[in-house]
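The values are calculated or read from the model by the stated rules, or taken from the named source; none is laboratory data. It should be emphasised that the depicted structure is a prediction, and the values quoted were computed from it without experimental measurement. Reconstructed Cβ throughout: ideal geometry from the backbone, glycine too, with neighbour counts over all protein chains shown. For the accessible areas, the whole protein counts, side chains as well, though only heavy atoms, and no ligand, DNA or RNA atoms are used. Shrake-Rupley method; radii C 1.70, N 1.55, O 1.52, S 1.80 Å.
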Amino acid sequence: MPSKLNDTLKKFDWRQNIVYIAFVLVLIYFSITLQEHGFLTQDNLLNIARQTAMISIMGVAMTFVIASKEIDLSVGSVAALSAITTALTMQAGLGMFAAIFVGLLTGILIGFINGYLVTKIAIPSFLVTLAMMMVVRGLAMWMSGTSPIPIINEHYIFFFGSGNVLGIPILLFWTIIIAVIGHFLLRHSIFGRQTLATGGNETAAIFSGVKTARIKMAVFMGTGAMAALAGMLYAGRLQAGRFTFGDGDELSVIAAVILGGTSLFGGVGTVVGTVIGSIMIGTINNALILQGLDVSQQMMVQGIIIILAVAFGRKKKKV
Amino acid sequence: MAETILKMSNIEKSFNSINVLNQVDFEVKKGEVHALMGGNGAGKSTLMKILTGIYQLDEGTIEIDGKEHIFKNTADAEDAGISMIFQEFSLIPKFSVAKNIYLNREPRNKFGFIDDKKMVKDSEAIIKELELKIPPKEIVENVSVGYWQMTEIAKALSKGTKILIMDEPTSTLTKTETEILFRIIKKLKSSGITIIYISHRMDEIFQICDRITVLRNGKNVVTKNSADMTMEEVINSILGGSMRSSFEWVERKASDDRTPLLEVEKLKSGIRVKDVSFTLFEGEILGMAGLMGSGRSETVRTIFGIDPLENGKILVRGEHVKIHSPDKAIKLGLGLVPEDRRSQGLVLGHSVKENMILPSLKKVSKKNLIQNKIANEKVERLIAKLKIKTDDIYKEASLLSGGNQQKIVLAKWLLNDTDILILDEPTSGVDIGAKTDIIEIIREIADLGKAVLVISSEMTELLAMSDRVLVMKDGVVTSSLERKHIESEEDVERAIQIE
Ligand SMILES: Nc1ncnc2c1ncn2[C@@H]1O[C@H](COP(=O)(O)OP(=O)(O)OP(=O)(O)O)[C@@H](O)[C@H]1O
Ligand SMILES: [Mg+2]
């Protein structure tokens with residue numbers, strides 16, 4: 001029954017699912033063309049997982065922010081600052097747990113300030129977080145005196161970045177845990193539904209009893225916390241806190257979210273899509289490196305991917 | 001007999017293989033006012049969107065003045081002299097009236113700049129032709145909403161429209177404004193403009209329309225001169241025999257102990273609500289009558305925590321409460337069906353289900369996780385109860401017909417099992433059969449001991465359900481009439497107009 005098939009194809013939401021199709025195509029393409037370069041080896045694949053973990057984790061939280069029709073450009077800087085506050089706390093001899101606490105608190109606090117300025121003072125989040133991006137990066141630079149702060153705590157290094165369990169990098173576990181929690185929150189919890197409603201039509205959400213200001217505070221604190229976690233993972237992986245961590249990550253994160261099918265216009269979001277989007281960008285970067293392209297070329301490709309993602313992710317035109 | 005100006009034949013249209021228009025023929029004569037009628041989801045708006053190039057037909061032909069046209073987009077239709085006045089206004093509120101009328105077609109001077117003077121002068125001429133008093137330089141925002149529609153009409157005229165489509169134009173108008181609109185329609189008609197008029201209000205149709213076409217479930221039912229049809233016949237063709245429309249008022253058994261659920265004392269908010277006091281009892285349906293701008297919507301907005309309360313107090317179940325947000329109001333057992341379903345009532349991009357459960361997420365969750373089984377069951381039940389026409393519970397709200405969207409907004413609060421239900425024009429855009437159903441449902445709710453406060457500018461409907469009617473004027477409650485002492489609509493009309 002070709003007409004039935006035709007209908008199914010018509011009904012299939014291409015925009016929402018394009019990332020999965022693209023991902024499979026990219027994988028197949030590189031598996032064939034980069035076979036001799038070892039693209040499909042376990043080492044290389046795990047390497048991709050390691051390299052994309054931080055973007056994925058921040059992407060999960062960013063999905064909520066974008067779904068609520070806001071944006072957070074400060075994540076990269078927050079990652080750096082949290083890495084530094086964590087490292088400094090350990091350097092001061094306060095131990096790993098205190099350091100984790102301080103690192104997370106750093107991120108959550110900045111998220112709180114972002115949320116406060118957006119909801120209470122009513123400054124658009126683009127401006128608030130753009131300014132915050134600079135303030136926080138500057139703060140990270142200043143606190144670290146521009147030099148790396150070494151981390152020597154072995155437990156920390158194991159759990160936050162460098163460890164392997166059963167041959168699988170711990171970073172992959174972090175990614176999976178955060179993605180699963182994020183997915184359930186967005187799809188199945190009250191908070192998730194209210195976040196989507198806030199982004200879909202804020203007035204109607206308020207009229208239905210959603211405390212949209214509180215939702216926005218929460219999503220900004222979410223990106224703050226996840227950016228902090230990402231920063232701590234950078235620190236564990238490189239065994240030091242550096243103010244340069246996460247430079248430019250905000251764009252990769254937003255690209256992953258949009259590529260994944262979350263709408264920049266708010267009201268639509270998918271955590272699984274974001275993670276796939278992030279891994280796909282990571283895979284392409286990896287392939288470019290294997291092919292011997294350098295950073296400048298990677299940047300160009302990534303920029304083009306963002307444009308493609310937004311072009312495909314544009315609001316569906318009405319029939 | 002006048003010649004045919006528009007002929008749509010064998011129109012077919014499906015969305016996702018679900019048929020919406022089936023072999024529809026529609027013929028309109030030059031200079032007539034032609035009513036297009038039918039129940040919610042019958043396909044009226046879809047047919048008109050095809051005529052204006054918003055949707056493309058799957059099959060069929062469109063002829064204008066005997067010449068076949070294919071409309072690929074709205075510009076094509078406009079070139080052929082067709083304009084539509086949408087229910088959702090397409091004016092830019094921050095622009096002046098004149099600027100809106102000539103939007104994108106601004107007259108230019110010899111340097112290629114916009115010729116403001118000419119624009120204002122031309123607008124003035126059109127407005128004068130319509131015998132209206134709208135200052136062309138005024139910013140649209142500052143003009144009363146009732147005049148927005150007139151501005152839209154002026155805009156259509158400035159384009160040299162031959163066929164003007166109005167989709168439920170009176171649903172936001174007061175009686176006086178409706179009269180002005182009708183006067184304009186007659187004027188347009190006499191100057192040879194053809195009008196296609198969509199409305200669910202029977203009396204209007206017989207007042208101004210020459211012929212009537214009725215659609216039911218995407219098919220033609222009848223086209224006749226309105227003089228040759230009775231109101232019963234029209235209602236029958238719309239509903240398909242199952243004649244279920246009675247706006248008869250039946251006295252409800254008033255309970256003896258009158259427990260006040262909601263008490264409002266000396267409410268003041270903004271410029272529209274000056275001094276409002278009333279009591280709403282358990283099991284009571286309290287109607288609110290008044291002109292547009294009399295402060296009814298603003299009063300309920302204040303009670304619901306949207307507009308700030310500047311003075312006075314609100315008691316719920318005898319207790320003094322401070323309501324700063326709708327969230328607080330809902331916690332106290334209030335629910336509001338707001339004035340504007342599209343901007344305030346619905347997340348248009350979300351599904352029927354998601355919209356319906358939004359105020360009740362806690363009620364359909366366990367440990368903060370939404371239980372789809374419970375939610376779906378409740379949603380399905382309300383879809384059946386309100387006869388909402390949708391493919392399934394996952395259909396995007398924006399794709400439902402206007403009347404069915406309105407029913408979702410009502411369903412939100414029925415699902416929430418709200419104690420004090422406030423309804424601001426709850427049946428706007430709803431067809432005549434569904435109106436009867438909704439009135440019945442509202443009575444059912446009141447019979448359960450809940451209280452209902454309802455604003456409606458349709459007097460027949462208001463009188464069909466209210467136990468008592470409050471009359472508001474200029475932000476003040478001027479009188480409270482027991483329904484059983486009201487003999488006719490004129491009684492209330494008089495109370496509304498009283499100086
Ligand atoms: N773009 C669309 N996609 C899917 N279904 C649609 C779309 N537009 C309309 N429909 C469906 O087509 C049917 C007819 O809708 P239409 O808006 O024409 O009804 P209507 O006669 O104008 O009703 P109302 O009186 O409620 O405004 C409805 O069931 C609606 O859900
Ligand atoms: Mg309609």
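Calculate the dipole size of chain B relative to its Cα centre from +1 charges on Lys and Arg beta carbons and -1 charges on Asp and Glu beta carbons; express the result in debye to the nearest 20.
Values: 71 positive and 76 negative charges, 272 e Å.
About 1300 debye.
Determine the alpha carbon to alpha carbon distance for each of B:Lys362/B:Lys385; B:Lys313/B:Lys473; B:Lys44/B:Lys473; B:Lys331/B:Lys353 and list only those over 28 Å. Write out the running numbers ahead of the final one.
Working: B:Lys362/B:Lys385 22 Å; B:Lys313/B:Lys473 20 Å; B:Lys44/B:Lys473 36 Å; B:Lys331/B:Lys353 21 Å.
Check vs 28 Å cut-off fails for B:Lys44/B:Lys473.
Cut-off under 12 Å on the C-alpha distance; same-chain residues fewer than 8 positions from B:Lys7 excluded. Which aspartates and glutamates are left, in chain and number order?
Filter leaves B:Asp25, B:Glu27, B:Glu63, B:Asp65, B:Glu68.
Please report the orientation-averaged projected area of chain A, defined via the convex hull of its C-alpha atoms, in nm². List each step's numbers first, then the result.
On the way: hull surface 75.3 nm².
Dividing the Cα hull surface by four gives the mean projection, 18.8 nm².
Apply 1/(1 + (r/R0)^6) to the Cβ-Cβ distance of B:Asn225 and B:Ser277, taking R0 = 56 Å, and write down the FRET efficiency to the nearest 0.05.
Details: r = 51 Å, r/R0 = 0.91.
Computed FRET efficiency for B:Asn225 and B:Ser277 comes out at 0.65.
Which whole-angstrom value gives the distance between the alpha carbon centres of segment A:161-183 and segment A:234-313?
Using only Cα atoms to place each centre, the spacing works out to 18 Å.
Cβ under 12 Å from B:Glu310's Cβ, B:Glu310 left aside: what net charge do those residues give with Lys, Arg +1 and Asp, Glu -1?
Values: positive: B:Lys266, B:Lys268, B:Arg272, B:Lys274, B:Lys313; negative: B:Asp275, B:Glu298, B:Asp307.
With Lys, Arg at +1 and Asp, Glu at -1, the neighbours total +2.
What shape does segment A:223-319 have by the C-alpha gyration tensor, where a ≥ b ≥ c are the square roots of the eigenvalues, rounded means a/c under 1.5, and otherwise prolate means a/b greater than b/c and oblate the rest?
Values: a/c = 2.50, a/b = 1.37, b/c = 1.83.
Oblate is the answer for segment A:223-319, as a/c is 1.5 or above yet b/c matches or exceeds a/b.
List, in the order given, every pair from B:Lys373/B:Lys450; B:Lys72/B:Lys159; B:Lys219/B:Lys450; B:Lys72/B:Lys219; A:Lys120/B:Lys387 whose Cα-Cα distance in the structure shown is over 31 Å. Please list the in-between numbers first.
Values: B:Lys373/B:Lys450 27 Å; B:Lys72/B:Lys159 19 Å; B:Lys219/B:Lys450 40 Å; B:Lys72/B:Lys219 24 Å; A:Lys120/B:Lys387 42 Å.
Checking Cα-Cα distances, B:Lys219/B:Lys450; A:Lys120/B:Lys387 exceed 31 Å.
Compute the FRET efficiency between A:Thr41 and A:Arg187 as 1/(1 + (r/R0)^6), taking r as their Cβ-Cβ distance and R0 = 22 Å, and round to the nearest 0.05.
0.05
Pop the C-beta distance of B:Ser9 and B:Asp203 into the FRET formula with R0 = 25 Å and round what comes out to the nearest 0.05. Before the final figure, lay out the partial values.
Values: r = 31 Å, r/R0 = 1.25.
For B:Ser9 and B:Asp203, the calculated efficiency is 0.20.
List the accessible area buried at the contact between B and A, summed over both sides and calculated with a 1.4 Å probe, in Å² to the nearest 100. Kindly include the intermediate steps, with their values, before the conclusion.
Numbers: alone 22900 and 15880 Å², together 36540 Å².
Accessible area lost upon association: around 2200 Å².
For A:190-201, what's the mean count of beta carbons from other chains sitting within 10 Å of each residue's beta carbon?
Numbers: counts 8, 2, 4, 8, 2, 0, 5, 6, 1, 2, 9, 11.
Taking the mean over all residues of the peptide, I get 5.
Would you mind counting up the charge near A:Val219? Only other residues with Cβ under 11 Å from its Cβ, with Lys and Arg at +1 and Asp and Glu at -1. Let's see the in-between values first.
Values: positive: A:Lys69, A:Arg214, A:Lys216; negative: A:Glu70, A:Asp72.
That sum, taken over residues with Cβ under 11 Å, equals +1.
Relative to the compact globular guide of 2.2 N^0.38 Å, what is the alpha carbon radius of gyration of the protein assembly as shown, as a ratio? Could you put the intermediate results ahead of the total?
On the way: Rg = 30.7 Å, N = 818, 2.2 N^0.38 = 28.1 Å.
Relative to the rule-of-thumb radius for its length, the protein assembly as shown sits at 1.09.
If you average the sequence gap of Cα pairs under 8 Å that are 6 or more apart and divide by the length of segment A:14-311, what percent do you get for the contact order?
Values: 549 pairs, mean separation 104.2, N = 298.
Once divided by the residue count of segment A:14-311, the mean separation gives 35 percent.
Run the accessible area of segment A:193-240 with a 1.4 Å probe and give the carbon-and-sulfur part as a rounded percent.
Numbers: 660 of 1240 Å².
Of all accessible area on segment A:193-240, carbon and sulfur atoms account for 53 percent.
Under a straight-distance cross-link criterion of Cα-Cα below 20 Å, which aspartates and glutamates are reachable from B:Lys110, leaving out those fewer than 8 residues away in the same chain?
The qualifying aspartates and glutamates are B:Asp122.
Radius of gyration and Dmax for segment B:232-341's Cα atoms, expressed in Å?
17.7, 53
Give the distance, in whole Å, between the Cα centre of segment B:443-476 and the Cα centre of segment B:121-177.
31
What is the distance in Å between the Cα centres of segment B:11-76 and segment A:71-101?
Here the two parts' Cα centres lie 63 Å apart.
Using θ = phi - 60° and the Karplus form 6.51 cos²θ - 1.76 cosθ + 1.60, what ³J(HN,Hα) does each residue of segment A:263-278 get, whole Hz, x for Gly and Pro?
Rounded to whole hertz, the list is 8, 5, 8, x, x, 10, x, 9, 6, 4, x, 4, 5, 4, x, 5.
With the alpha-carbon atoms as the only input, what is the per residue convex hull volume for segment B:1-78 in Å³? Could the numbers behind the result be given before it?
On the way: hull volume 7.5 nm³, N = 78.
For segment B:1-78, the hull spanned by Cα atoms encloses 96 Å³ per residue.
How many partner chain Cβ atoms sit within 10 Å of a residue's Cβ in peptide B:11-20, on average, as a whole number? Please list the in-between numbers first.
Working: counts 0, 0, 1, 1, 2, 4, 7, 1, 0, 0.
Per residue, the average neighbour count from other chains is 2.
With just the Cα atoms of segment B:4-243, tell me how far they stretch along each of the three principal axes, in Å, largest first.
Each principal axis gives a Cα extent; for segment B:4-243 these are 58, 38, 31 Å.
Over the Cα atoms of segment B:247-497, how large are the radius of gyration and the largest Cα-Cα distance (Dmax), in Å?
17.7, 54
Near A:Ala131, within a Cβ-to-Cβ distance under 15 Å, what is the net charge of the other residues, with Lys and Arg +1 and Asp and Glu -1? Please list the in-between numbers first.
On the way: positive: A:Arg137; negative: A:Glu70, A:Asp72, A:Glu250.
Net charge around A:Ala131: -2.
Can you give me the Rg/Rh ratio for chain B, using Cα atoms for both radii and the Kirkwood formula for Rh? Could the numbers behind the result be given before it?
Details: Rg = 23.6 Å, Rh = 24.2 Å.
So for chain B, dividing Rg by the Kirkwood Rh gives 0.97.
Per residue of A:267-275, how many C-beta atoms from partner chains lie within 10 Å of its own C-beta, taken as a mean? Present the calculation step by step, with values, prior to reporting the outcome.
Details: counts 5, 2, 0, 0, 0, 0, 0, 0, 0.
So the per-residue partner count for this stretch is 1.
Scanning chain A for trypsin sites (Lys or Arg not before Pro) in DSSP loops with at most 15 other Cβ atoms within 10 Å, what's the longest stretch left with none?
Working: sites that count: A:Lys120, A:Arg314, A:Lys315, A:Lys316, A:Lys317, A:Lys318.
Here the longest segment lacking exposed loop sites spans A:121-313.
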